[in-house]
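The values are calculated or read from the model by the stated rules, or taken from the named source; none is laboratory data. Since this is a predicted model, take the numbers as computed values, not measurements. Using ideal geometry, Cβ is built from the backbone for each residue, glycine included, and neighbour counts are taken over all protein chains shown.
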Amino acid sequence: MYGVVTRNPEELDWPEFEWGFYEMKDVTGRATEPVESGVNMISCFGDSNAAENDPSLVPVSDEGELATRERTYFDWGYICPTRESYREGLLEMISDAAEANPDVRLDDIGFPRAEYCHCDQCESQFEESDYDDWQEWRANVITEFVADATERIPGKTYLTLYPDPYPGHLYERAGLDLDALSEYVDEFVVPLYDMAYSTTYWLEVIATGFEDALDIPFSIELYAVDIDIDNLIHATEVADAYANDVFFGYESSNARGAIRRIDADSREGVSHGK
């Protein structure tokens, strides 16, 4: 089935999409009211505005570098997942989203990179914990947050994964223990974004990696902005062979055109192949 990821609530009702995700809070920190017509999507620990307004919330690397968008490898600012007041605010937002629509998608879950976080609070909490291994403690911080979040989600819980299925990478990079998270998450979503999709072999490589890594369903999110329709259709076919569902991000008209073509070709018995 096909869905959409959008910031425009009216697009959630377009008949080509079986359902959609509405970006209720994005990585800039911009937040809006939740909608009933789609699955509200919340960027949890990606929040440039909060990071700029209160640098004390920002994760610190083992070399003392802040996880802000000023770093060459970050596109937005992050918040340390141990910050209790920020977590409580997120949980309230998740509750509000779930009141509007029982399904919720958790986005930007985890620590920003493998070298984070070594702020005073993280160091203190680790020392006071029952864990001897820093990575195990780190993963538990994230799993506990997701567990708290799902208590507030009566419907389906979606969780976005960074697109790296190589064994151990998500655990080391972000503190995501996939086995532990699978107890609370109903479906993972993997964004596989490209600016052209002129080749698609890499889509299959990453999709098969997640097929091996996950014990619960996963869907793939494709980028639809200014993508050639034929290329987007081919990428959709590849993704659809492995994913539970395929979602299109941020240009609904282009996505709608691709779905119409796929439906028309299906009725005519035409296959684009792989």
For this session: Would you point out the residue of segment 204-219, among those that are in contact with a Ser or Thr (Cβ under 9 Å, 6 or more places away or on another chain) and modelled with pLDDT of 95 or more, that is surrounded by the most Cβ atoms within 10 Å (Cβ to Cβ)?
Result: Leu214
Seminar exercise, completed: Residue pairs within 7 Å by beta carbon, gap of at least six or interchain, first lying in segment 31-53 and in contact (Cβ under 8 Å) with a residue 60 or more places away in the chain and among the hydroxyl-bearing types (Ser, Thr, Tyr), second surrounded by 22 or more Cβ atoms within 10 Å (Cβ to Cβ) and part of a strand (DSSP E or B), listed first then second, are Ser43/Lys25; Ser43/Asp107
Exercise. Which one of these does Ser37 not meet: (1) farther than 19 Å from Pro154 by Cα; (2) modelled with pLDDT of 95 or more; (3) in contact with a Phe, Trp or Tyr (Cβ under 8 Å, 6 or more places away or on another chain); (4) part of a loop (DSSP other than H, G, I, E, B)?
Worked result: (1)
For this session: Hey, can you tell me all the residues within segment 66-87 that are out of contact with any Gly (no Cβ under 7 Å at 6 or more places or on another chain) and either polar (S, T, N, Q) or free of Cβ contacts under 8 Å to residues at least 24 places away in the same chain (or both)?
Result: Leu66, Glu70, Arg71, Thr72, Thr82, Glu84, Ser85
Exercise. If you check Glu123, Glu70, Glu52, which single one turns out to be more than 21 Å from the chain's Cα centre (by Cα) and in a loop (DSSP other than H, G, I, E, B)?
Worked result: Glu70
Exercise. Considering only residues of segment 88-117 that are without any contact (Cβ under 8 Å) to a residue 60 or more places away in the chain and buried (at least 17 other Cβ atoms within 10 Å of the Cβ), which is farthest from Asn53 (Cα to Cα)?
Worked result: Ala98
Exercise. What number of residues within segment 176-205 satisfy the criterion of being touching a strand residue (DSSP E or B) at 6+ places or on another chain (Cβ under 9 Å) and in contact (Cβ under 8 Å) with a residue 12 or more places away in the chain?
Worked result: 18
Exercise. On the given criteria, is Tyr184 surrounded by fewer than 21 Cβ atoms within 10 Å (Cβ to Cβ) and among the hydroxyl-bearing types (Ser, Thr, Tyr)?
Worked result: yes
Problem set entry | Condition met for Asp13 (touching a residue at least 24 places away in the same chain (Cβ under 8 Å), under 20 Å from Val225 (Cβ atoms) and not β-branched (Val, Ile, Thr)) | no
Problem set entry | Number of positions in segment 45-66 that are farther than 19 Å from Gln125 by Cα, in contact with a Lys or Arg (Cβ under 7 Å, 6 or more places away or on another chain) and hydrophobic (A, V, I, L, M, F, W, C) | 0
Seminar exercise, completed: Counting only residues that are within 20 Å of Arg138 (Cβ to Cβ), modelled with pLDDT of 95 or more and in a loop (DSSP other than H, G, I, E, B), segment 73-112 contains a total of 11
